[in-house]
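As structure tokens, the structure follows; a few thoughts come after it.
The values are calculated or read from the model by the stated rules, or taken from the named source; none is laboratory data. Owing to the predicted nature of the structure, the values given are computational and were not obtained by experimental measurement. All Cβ positions, even for glycine, are placed from backbone atoms using ideal geometry, and neighbour counts span all protein chains on display. Each accessible area value is taken on the protein alone, full model and side chains, heavy atoms only, with ligands, DNA and RNA left out. Shrake-Rupley method; radii C 1.70, N 1.55, O 1.52, S 1.80 Å.
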Amino acid sequence: FQPKVLVGRKVLITAGPTYEAIDPVRGITNRSSGKMGFAVARAAAEAGAEVTLVAGPVHLPTPLGVRRIDVQSAREMLDAVLPLAASHHAFVATAAVADWRPAQTHEHKIKKNAKAGEAVAPGLELAENPDILATVAALPHPPMCVGFAAESQDLIKHAREKRQRKNVPLIVANVGPATFGQDDNALTLVDARGERELSRADKLTLARELVREIAQRLTTYNA
Ligand code: C5P
């Protein structure tokens, strides 16, 4: 049972990886199943919120009552998020956005043009992607922003730095590659006062706890 703590609230969520095309058949991406973000979307909808979920390429069904916008690249994700951000009360960035994209996308498949063993790999020039969370947090009247941090080491230290750098009130730290695609997770909430650990549980249970935390914070949030 999920108490209706978000009735009358609009929540915007990003989830999944982004995919940055090199050519029509190749690309670079991040590892992310989207499960955590979809669980947050489901929990927020259960709590009575009007939920918009901007999803990168994932294989997951849309949670009941959630409006879903599918995107591929980081720039498409930003273009979907930006016009919606100011009209939402909370923005939860769970997406594993690719930090870089190929500087150019080739219209046709790049050919190897050589006998086996003699192909010369084409160099790949990269351009930096926009930081969606930091861009939303820098809006004149931003929604209450919640970021996620996945690291392979020094998790809490990096989460604290990330919170300050992106200027968001709350970062949810989750342990790195071990949790990718798994159904359960361990989360630590990092805010200006310190840290609070949520005990290991399945992603939906943790998402419901996070939703209660967001509802609580929204009662005193003024952008
Ligand atoms: O900088 P890093 O990727 O470690 O930060 C993770 C947090 O920032 C997540 O909440 C992620 O969704 C968000 N992010 C973003 N746009 C990016 C990179 C990260 O919204 N380009």
Completion exercise
Taking Rh as the Kirkwood radius computed over alpha-carbon pairs of the chain and applying Stokes-Einstein at 37 °C with viscosity 0.692 mPa s, one gets a diffusion coefficient in µm² s⁻¹ of 180
Problem - Probe 1.4 Å, all protein chains present, accessible-area order of Ile69, Ile214, largest first - result: Ile69, Ile214
Handout entry: region 1-82 - percent relative contact order, Cα under 8 Å, separation 6 or more
Key = 34
Exercise for the section: Filter the GluC sites (Glu not before Pro) in region 26-117 down to the DSSP loop ones having no more than 16 other Cβ atoms within 10 Å, then list what survives. Expected result: Glu107
Completion exercise
With -39,500 (n - 2.57) per DSSP H segment of 4 or more residues and division by the full residue count of the chain, the 222 nm estimate, nearest 500 deg cm²/dmol, is -8000 deg cm²/dmol
Handout entry: Inter-part distance where region 15-81 and region 145-175 are each reduced to a Cα centre, Å
Key = 20
Problem - Amide hydrogen neighbours beyond the local backbone of His106, cut-off 5 Å, H modeled - result: Asp23
Exercise for the section: Could you tell me what fraction of 2.2 N^0.38 Å the Cα radius of gyration of region 1-88 comes to, as a two-decimal ratio? Expected result: 1.15
Handout entry: Two-site label geometry, Thr62 and Arg31: point separation in nm, points 7 Å out along Cα→Cβ
Key = 3.0
Practice task
Assuming 0.692 mPa s and 37 °C, estimate D for region 74-156 with Stokes-Einstein, Rh taken as the Kirkwood radius over Cα pairs, in µm²/s.
Solution key: 206
Fill in the blank from the handout: In whole Hz, the Karplus estimates of ³J(HN,Hα) for region 80-92 (6.51, -1.76, 1.60; θ = phi - 60°; x where Gly or Pro) are 6, 6, 4, x, 9, 4, 5, 8, 10, 7, 9, 10, 10
Fill in the blank from the handout: Nearest 10, in degrees from 0 to 90: the angle of helix 35-46 to the longest Cα principal axis of the chain is 30
Completion exercise
Taking Cα pairs closer than 8 Å and at least 6 residues apart, the relative contact order of the chain in percent is 20
Exercise for the section: Sequence neighbours fewer than 8 away in the same chain don't count; with that in mind, list the lysines whose C-alpha is under 21 Å from Lys4. Expected result: Lys203
